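Single-structure report; data block below.
The values are calculated or read from the model by the stated rules, or taken from the named source; none is laboratory data. Given the structure is predicted, the values throughout are model-derived calculations rather than measurements. Glycine also receives a Cβ, built like all others from the backbone with ideal geometry; neighbour counts cover every protein chain displayed. These accessible areas exclude ligands, DNA and RNA; they are computed on the full protein's heavy atoms, side chains included. Shrake-Rupley method; radii C 1.70, N 1.55, O 1.52, S 1.80 Å.
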Amino acid sequence: MLEMLSSTQFWVDVFKIIVIDLLLSGDNAVVIALACRNLPDAQRKKGIMYGVGGAIGLRIVLTFFAVSLLSLPYLKLVGALLLLWIGVKLILPEEEHGEGNIKAETHLLGAVKTIIIADFVMSLDNVLGVAAAANGNTFLLVFGLLISIPLIAWSSQLVLKLIDRFPVIIYAGGALLGYVAGEMLAGDALFKTLLEAQHVLHWLIPAGCALLVLVVGRWLAARKTAKARVIDLLDEQVPSPHDKS
Amino acid sequence: MTMKILIPVDGSAGANRAVEYVIRNVGWLKEAPQVCLLNVQWKLASGNVKLFINQETINDYYREQGAFALAEARAKLDSAGLAYSYHISIGAPAEAIVQYAQEQQVDQIVMSAHGQDKLSNLLLGSVASKVTHLASVPVLLIK
């Protein structure tokens with residue numbers, strides 16, 4: 001354990017996991033708050049509590065599920081490809097989804113159901129990223145989970161503010177996901193013999209994947225039209241009392 | 001010709017001081033100025049959230065948060081008897097403020113030098129400093 005703490009690789013991995021957790025923390029907290037908005041006051045607190053609890057539980061189960069799946073041969077390949085896509089998606093400007101026919105839940109069970117389904121969908125990228133970065137190290141895995149839990153429970157504008165100030169974070173994050181995907185790819189049984197022969201591939205594959213994510217992300221982003229960034233929500237005039245008289 | 005003053009507010013004490021400043025110094029102007037209050041909400045609900053929550057609920061949430069941030073500034077203007085308009089935008093604060101100032105062709109932006117969050121001001125720079133860089137009209141910073 002102490003030996004682990006003194007190795008550089010360990011701290012690099014810790015850093016990777018924190019960045020991945022931050023960038024892929026998802027919008028769980030926002031969904032939880034919004035899903036419970038239309039509940040009666042008495043149920044709202046309960047809804048939030050169940051929602052947060054369920055989300056944390058789900059995240060833990062999914063993480064260990066992902067880890068055991070990734071230990072199977074060739075599934076690392078699939079995981080790596082998914083991660084590459086997640087990296088590209090991070091760089092792409094956000095798509096405006098058409099308004100679906102989603103009705104606001106007004107009872108507790110419905111709200112909790114919404115939260116859990118949303119958590120499931122939004123946790124997948126985070127879980128995969130952390131599992132890949134932890135690379136089988138249980139301590140790192142648990143650490144990654146612990147870091148992500150406050151991010152589930154408390155909505156934070158921190159990430160938004162950081163990206164607003166330093167937009168390059170998005171590209172760094174995309175490149176990091178590509179790098180981690182490359183490491184996973186290199187770890188797959190398929191390439192074992194190849195890698196043993198060519199040691200340079202140990203860093204060449206991750207670096208290549210990081211570059212791939214950046215190039216594809218930039219390319220796809222350039223094809224999209226610039227979106228309107230500011231939305232007007234409400235406009236109202238209040239006349240002075242003198243005008244009325 | 002009345003002067004049009006934009007006061008961006010986030011509900012913080014500093015922002016409300018900016019409102020007080022304008023009220024206090026109304027006498028400097030020949031005619032009562034046209035005051036525009038603006039609150040900007042971070043776009044918290046991204047594409048993923050919209051898959052699960054309908055737009056109406058999301059907008060209600062922004063509206064509630066915005067109204068809350070605007071409440072004290074509005075009360076001050078109400079009791080001073082000044083006419084004003086108020087507005088809630090969604091986006092990155094500095095960009096939204098500058099864009100609104102352009103759209104409304106305001107003559108001046110009066111805002112607090114320090115916003116809500118002291119720590120992120122320190123680490124990331126304040127909204128005010130970004131507005132002073134981007135805006136094409138004079139920006140008056142209130143300490």
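Tabulated data
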{"item": "Residue match in the stretch A:68-82 (condition: part of a loop (DSSP other than H, G, I, E, B) and without any contact (Cβ under 8 Å) to a residue 40 or more places away in the chain)", "result": "yes"}
{"item": "Selected residue [surrounded by fewer than 18 Cβ atoms within 10 Å (Cβ to Cβ) and within 18 Å of the chain's Cα centre (by Cα)] from A:Leu190, A:Leu194, A:Leu160, A:Leu176", "result": "A:Leu160"}
{"item": "Helices (runs of 4 or more DSSP H) completely within the stretch A:2-60 that count 3 or more residues being surrounded by 13 or more Cβ atoms within 10 Å (Cβ to Cβ) and either touching a Ser or Thr at 6+ places or on another chain (Cβ under 7 Å) or of a type outside the set (A, V, I, L, M, F, W, C) (or both)", "result": "A:8-23, A:28-35"}
{"item": "Condition check for A:Thr106: more than 22 Å from A:Val14 (Cα to Cα), within 14 Å of another protein chain (Cβ to nearest Cβ), not in a helix (DSSP H, G or I) and not aliphatic (A, V, I, L, M)", "result": "yes"}
{"item": "The stretch A:130-157: number of residues that are within 24 Å of A:Leu69 (Cα to Cα), in contact (Cβ under 8 Å) with a residue 12 or more places away in the chain and polar (S, T, N, Q)", "result": "3"}
{"item": "Residue within the stretch B:72-79 that is free of Cβ contacts under 8 Å to residues at least 24 places away in the same chain and at the interface with chain A (Cβ under 7 Å from one of its Cβ atoms) present", "result": "no"}
{"item": "Positions within the stretch A:133-156 being outside any helix (DSSP H, G or I) and modelled with pLDDT under 80, in sequence order", "result": "A:Gly136, A:Trp154, A:Ser155, A:Ser156"}
{"item": "Helices (runs of 4 or more DSSP H) wholly inside the stretch B:24-143 containing at least 3 residues that are of a type in the set (Phe, Trp, Tyr) and open to solvent by less than 20 Å² (accessible area, probe 1.4 Å)", "result": "none"}
{"item": "Residue list for the stretch B:1-23, filter: of a type in the set (Asp, Glu) and either in a helix (DSSP H, G or I) or touching a Cys at 6+ places or on another chain (Cβ under 9 Å) (or both)", "result": "B:Glu20"}
{"item": "Flag for B:Ser46 being touching a Phe, Trp or Tyr at 6+ places or on another chain (Cβ under 8 Å), facing chain A (nearest Cβ under 9 Å) and without any contact (Cβ under 8 Å) to a residue 60 or more places away in the chain", "result": "no"}
{"item": "The stretch A:61-77: number of residues that are open to solvent by 70 Å² or more (accessible area, probe 1.4 Å) and under 18 Å from the mean Cα position of the chain (by Cα)", "result": "3"}
{"item": "Selected residue [in a helix (DSSP H, G or I) and within 20 Å of A:Trp11 (Cα to Cα)] from A:Val130, A:Val159", "result": "A:Val130"}
{"item": "Unique residue being among the polar types (S, T, N, Q), in contact with a Pro (Cβ under 8 Å, 6 or more places away or on another chain) and within 30 Å of A:Asn38 (Cβ to Cβ) when the list is B:Asn54, B:Asn48, B:Asn59, B:Asn39", "result": "B:Asn39"}
{"item": "A:Gly208 surrounded by 12 or more Cβ atoms within 10 Å (Cβ to Cβ), small (Gly, Ala, Ser), in contact with a Phe, Trp or Tyr (Cβ under 9 Å, 6 or more places away or on another chain) and away from chain B (no Cβ under 14 Å)", "result": "no"}
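Conditions (1) within 7 Å of another protein chain (Cβ to nearest Cβ); (2) in contact with a Ser or Thr (Cβ under 8 Å, 6 or more places away or on another chain); (3) among the hydrophobic types (A, V, I, L, M, F, W, C), marked per residue:
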position	(1), (2), (3)
B:Val22	no, no, yes
B:Cys36	no, yes, yes
B:Ile58	yes, no, yes
B:Ala69	no, no, yes
B:Ala83	yes, yes, yes
B:Ile88	yes, no, yes
B:Gln104	no, no, no
B:Asp107	no, no, no
